[in-house]
Amino acid sequence: MSQTNTSLLDEVVQWSQETCRQQLKSVLPQLASLHYKSESWDEHIRILKIITDMFLPHIGLSELEDECFSKILPKAVTMFDSMMKEILDQVGGLSSQNTELCASLRNILQAMMQIIDALSCCVRHIGTFEEAPDLHSIRSLPTCILKVLRETFQHCKESEVLYCGRLSLVADLLQGLFKEAYSLQKGLLELLDRITLDSNASEEEVSDIITVIHSLLDICSIISNLDIALHANTWKFLIKQSLKYQTLVEEHLHHEDISKSLCDNLLACFYNCVELAEQMKNAGLQEATQSPEFKLFQKTAKMCRFFANTLVHYLKEFKCFLTKFCSFFHQLYLQIISKFPPSLCAPTLPMALSEELNAAAMVPMDALLLQLLPLRPFAEVVLLKDQQLSPEHELPQCLLLVSVLGKLNSQPEEVLQLWYTGSQFSEETPRLPLYQALFTSSRGCYIERQFPVLLPGVMMKGQAQVKVTLHQHICVQLCANVAALPPVFFPVLERCLVNALLQADTQTALLATDVWCFTARYGTAELCLHHVLLIAQLVKACSTECYQLFHLGLLLKRMVFLMTPNHQMELVMHFPPSEVENLSIWNHVLVRALSCDARHRVETDIIGLAQKALTDWQNGGYKLGQVDKVNGALLPLLVVIGGQSSPEEQCVLSSVRIITQLWLRMSPEQAKTHSVLQCTLQLLLSISAILVKDIEHQVILQALLCVETMASQKCTDQLLLAALTFLCSLGKIFIPPDSQSQILPRLSHLFGVVLSERSWLLHQHALEAFSHFAEITNHEEVISQSLCEEETKTKVVNYLSKTVNAQEDVASQLQRLRLQTVVIEQHNKRLENNKESASDKVAAQVIADPEPCPKRARQETSAEEEYSRYIQIAESALKALHTLIEGKANSTSPPPQWLESRLQELQNLITSISTARPNT
C-alpha cells in the first residue's frame, strides 16, 4: 500500500463520527477501492473494520447494497477463503515445538473471527432500521455470510481430523470462531425473517431467496453433529422460508435434497436414540432421569420428533413435488417400524424409554402415512409384486399394509380405487390389489408367525387389552375392513380370497379362510349359498393329489355351518350324496353342521352307497380292482360317523354292519403287499375307533391282528396314526374274561411297539394315545405290560410329568426357524410350479365360473321362493324315505310298526294343504 493510502487510513481512524458522516461520500469509495486492492490480510481487515465500525452507521438502507455491500463483501469472502486455505496447507506441520507456525495459525484464526465480526456489524446495522429492508437492498449480504458460515462450520466439524492430536493448541480460538459464527447466523436469520416478498417479486429476488434456502440446506448437512439447537433452528428457518414463499419458490426448490435430508436426519436421530436407550439399559441407568445420559436421550428424542413432524408438514405442503421420492418414504417407514416391537430385530427397552421413542417416531409415522395414501407412486411402491425386502423388513411391510387397510375407510373414492383394485391397464405401473399384497406379505412372515410375535389386540367390553398373534391381528383388521367395504370392491375381495386360498402356504390359506367365513356371516344368506356352491364345485374338480383340495375342503367344512337349513338342502340337492362323483364334496362336510333333514338325507345316501360298494365287491368275487370303490365310499362314511357326537342308532347299526363285513374279509397278509388294502385298513381303523363300543370283540381281535402284522413292517405314517387312534379308543370298553387272553397281550405289545417309535411325530402321538388310554381303561395290566422296556417307561413318565429335557434358547429357535423358512418356501414354490392336471382344472374352474354376486343388502325371500323351497325339501325327504323302505323290503329287518300310522298322518296333511285356500 502506498504512503498516501497509509496516511489516509491513519487520518481516518482519528476522525469523529460526525466527520465520518460528513466525509462519507468522498472517502467511502476510496476505502472500498483500497479494500479491493489490498493483498495483505492485516490491511484488508484494518480497512474492513474502519468501514464497518466508522462509516457503515451513516449509510442509509437504500444505499447499503450499491455503496457498500456489493463493493466490500465479495472481497471479504475471498480473503476468508484464502485464510482457510492457508490453514489447510500449514496445519500438517503444527506442533507445540513449532511455536512460529502455531502463532501464525492462531493469528489467522483471529483474523477470521474479525471478518465474521465485521459481517455481524453489517447485520446489526440493518437491524437498527425500523422498516424491514427489501431483499434487493441487501442482496450481497446473505449470500456472502452464508458462504463464510458454511466454511466456518465445515472447518469446525473437521477440526479433530485436521488438527489431529494438536487440537489443544488452537481449541480456544476454534471455540470462539464457532460462537461468532453461531451468533452471526442467528442474526442473519432474524434479519431475513423480517423481509417479505410479495407475488410481484422480481426473478432476481426469487432467485436470491432460493439460494438462501439451498445454502441453509448445505449448512444443515454440516452442522448436524455440531450443535443440536443450531441444527434445529436452521431447519426450522429453512422450512419456514419455503412455506412463506411457497408459491414463488416451490417449482425451483431441490425437493429431493430437502426430503432426503429430512429422512436421513430423522433416521440418524432415531438410531442414536435407540443406541442411547440400549446403553442406558445395559448400564442400569433407565431409572436415573437426572443422569446426563437420560438428558441426552431426551434431547435426541426431541430432535427425532422435530424431524418427523417437519417431514410430515413438508410433505403436506409440497405433496405434488414429492411423488418421485415415495421410495424414500417407504424405506423410512420400514426402517423405523423394524426397530419397534414386535419386530424380532427390535431391542428390548425399558417402558419409559420405549414410550418416549414411540411418541417421537412411531406416532409421526402414522401421520406421514395419511399424507402418503393418496399418492399413486406410493401405492405403486408399497403394492409392488416382488418387493425383494430384507428379512427384517418383511414384518414392517406387513404391518404397513395392515395400517393402510385401517385408514382407507375414511378416504375418498379415488383413493379406495387406487389401493383396492390394483393396476387395471398394461400402461400402468403394475401393482397388486391391497388384499392380495397383504396375503402375500403375511406369507413372507413365516418366522414371525411361528415364533410367534404378539401385537396389541382389540379392547372389548371394557376388558383389558390382550396380546394376540400376527395371524389374529391381521384377521381382525381384515374383517373390520370387509365390514365397511363398499359393494363395488367386493368382487376384488372375492378374487383375492380365491387366490390366497389356492396358493400353497397353508397358514395364508387359513387366513383367507377366516376372512371368507366372516364375509359369509356378515353378508346375506344367499351370498353364503353362492360361495358354498362355488367352493363345492372347486372341491369336486380337484384330484386327491391336488394340494388345493385341503384348503378348499377346510373352507367348505366351515362354510356349511353358516348356511340356513333351506340352503343346506339346496346344497344336498345340487350335489346329491347318492352320486359317487359327489362323494369328494361330502368328505369335507361335518354332518353335525347340517340340519336334521339334510343330515338324515346325507347319512342315508352315504351309508347306502357304502353298502352298495361292499355288495358289488362281494358279488364281484372280492377283486382287488374294486377296492378303490370301497375306499371311496368308506371315507364319506368316516365323515358321517365322526362328524357328530351322537350318531343316530340306525346310522350306527348300519355302519357297524358294513365295517364288520370288511374286517372279517381283511387279510393281514394281503394288506402287507397291496397298498390299496392298506388304505382300506386305515379307514377301517378310524371308523372302528368311533364305533368301538358297538363292535364285537371278535372283530376287535381281527383289527389287532391286522395292526400287529402291519406294525411289524415299515408301513405309512398315516396308517400308524390311525392305528394309534384305534388303540386309544379301546380304553373305553371292557374286554370280557373269555377274550382277554387274546386281546390284552396284543394290545400291550402294540403299545410297546409304537411307544418305541423313533419318528418324533409318531412318538409324540403314541405318548398322547397311551396316556389317554391309561386314564380311562379298566384293564390296568395293559399299562404295566406295555412298559416293559426301561427306556420306554422313562419317556412315558417324563411325558406324564411334563418334564422338559432341553429348553431351546431364543437365538437357536430363530435360527432353526430361518432354516425352516427356506425349506418350506422352496417346497411351496415346487407345489405351485408343478402344473398337475388337477391344479389346472381348479384354475380353469375358477376362471369359467361366473363372477360371484356382489355384496348386497339383505332381502326378504319372496313368497314363491318360499313355496318352492319347502316343496323341494318335502320331495327330497319323501324320496329318501321311499328308498329306505324299498331297501328294508329285501332285508330281514322290517320297517317299524309306527311307520304306517305316520304315513297316514302325512297323507291327511297333504290333503289339507291341497284343499286350503288363502284368505281373500
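The values are calculated or read from the model by the stated rules, or taken from the named source; none is laboratory data. All values derive from a computational prediction rather than experimental measurement. With ideal geometry, Cβ positions are generated from the backbone for all residues, glycine too; neighbour counts draw on all protein chains shown.
Descriptive notes on the structure:
- On inspection, residue 240 fails the criterion of being assigned by TED's automatic domain parsing to the domain that holds residue 354, surrounded by fewer than 16 Cβ atoms within 10 Å (Cβ to Cβ), in contact (Cβ under 8 Å) with a residue 12 or more places away in the chain and under 29 Å from residue 205 (Cβ atoms).
- Test: residue 118 is of a type in the set (Gly, Ala, Ser) and in contact (Cβ under 8 Å) with a residue 60 or more places away in the chain: yes
Yes/no per residue for (1) at pLDDT below 95; (2) buried (at least 21 other Cβ atoms within 10 Å of the Cβ); (3) assigned to a helix (DSSP H, G or I):
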| site | (1), (2), (3) |
| --- | --- |
| 226 | yes, no, no |
| 235 | no, yes, yes |
| 261 | no, no, yes |
| 279 | yes, no, yes |
| 285 | yes, no, no |
| 290 | yes, no, no |
| 307 | no, yes, yes |
| 312 | no, no, yes |
| 320 | yes, no, yes |
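- Residue check, residue 559 more than 33 Å from the chain's Cα centre (by Cα), part of a helix (DSSP H, G or I), more than 18 Å from residue 635 (Cα to Cα) and not acidic (Asp, Glu): no
- Some residue of segment 293-301 being in contact (Cβ under 8 Å) with a residue 24 or more places away in the chain and over 30 Å from residue 212 (Cα atoms): yes
- Segment 60-90 - residue that is over 24 Å from residue 107 (Cα atoms) and buried (at least 18 other Cβ atoms within 10 Å of the Cβ) and, of those, farthest from the chain's Cα centre (by Cα): 67
- Flag if residue 452 is touching a Ser or Thr at 6+ places or on another chain (Cβ under 7 Å) and outside any strand (DSSP E or B): yes
- Residues of segment 124-170 that are among the hydroxyl-bearing types (Ser, Thr, Tyr), exposed (fewer than 14 other Cβ atoms within 10 Å of the Cβ) and under 25 Å from residue 192 (Cα atoms): 128 alone.
- From the list 613, 598, 593, the one residue that fits, being surrounded by 15 or more Cβ atoms within 10 Å (Cβ to Cβ), free of Cβ contacts under 8 Å to residues at least 24 places away in the same chain and closer than 22 Å to residue 540 by Cβ, is 613.
- Where helices (runs of 4 or more DSSP H) fall entirely within segment 334-413, those with at least 2 residues that are touching a Leu at 6+ places or on another chain (Cβ under 9 Å), under 25 Å from residue 320 (Cα atoms) and among the polar types (S, T, N, Q) are at 394-407.
- Out of 390, 426, 410, sole residue that is more than 30 Å from residue 488 (Cα to Cα), without any contact (Cβ under 8 Å) to a residue 40 or more places away in the chain, loosely packed, with under 15 Cβ neighbours inside 10 Å and not assigned by TED's automatic domain parsing to the domain that holds residue 271: 390
- Residues that are in a helix (DSSP H, G or I), out of contact with any Cys (no Cβ under 6 Å at 6 or more places or on another chain) and among the aromatic types (Phe, Trp, Tyr) were ranked within segment 12-56; the one that is surrounded by the most Cβ atoms within 10 Å (Cβ to Cβ) is 41.
- Unmet requirement for residue 677, which otherwise passes all of (1) surrounded by fewer than 20 Cβ atoms within 10 Å (Cβ to Cβ); (2) without any contact (Cβ under 8 Å) to a residue 60 or more places away in the chain: (1)
- Scanning segment 313-348 for residues being closer than 25 Å to residue 446 by Cα and not polar (S, T, N, Q) gives a total of 14.
- Test: residue in segment 627-639 that is assigned to a helix (DSSP H, G or I) and touching a residue at least 60 places away in the same chain (Cβ under 8 Å): no
- Near pairs, Cβ below 6 angstrom, 6+ apart or cross-chain, from segment 493-506 (closer than 17 Å to residue 824 by Cβ and touching a residue at least 12 places away in the same chain (Cβ under 8 Å)) to any residue that is part of a helix (DSSP H, G or I) and among the charged types (D, E, K, R): 504/832; 505/443
- Highlighted here are the helices (runs of 4 or more DSSP H) found entirely within segment 710-813 that include at least 3 residues which are aliphatic (A, V, I, L, M) and over 19 Å from residue 684 (Cα atoms): 737-755, 760-776, 790-800.
- Residue check for residue 683: under 23 Å from residue 761 (Cβ atoms) and touching a His at 6+ places or on another chain (Cβ under 7 Å): no
- Yes/no for residue 544 being surrounded by fewer than 18 Cβ atoms within 10 Å (Cβ to Cβ) and either of a type in the set (S, T, N, Q) or under 31 Å from the mean Cα position of the chain (by Cα) (or both): yes
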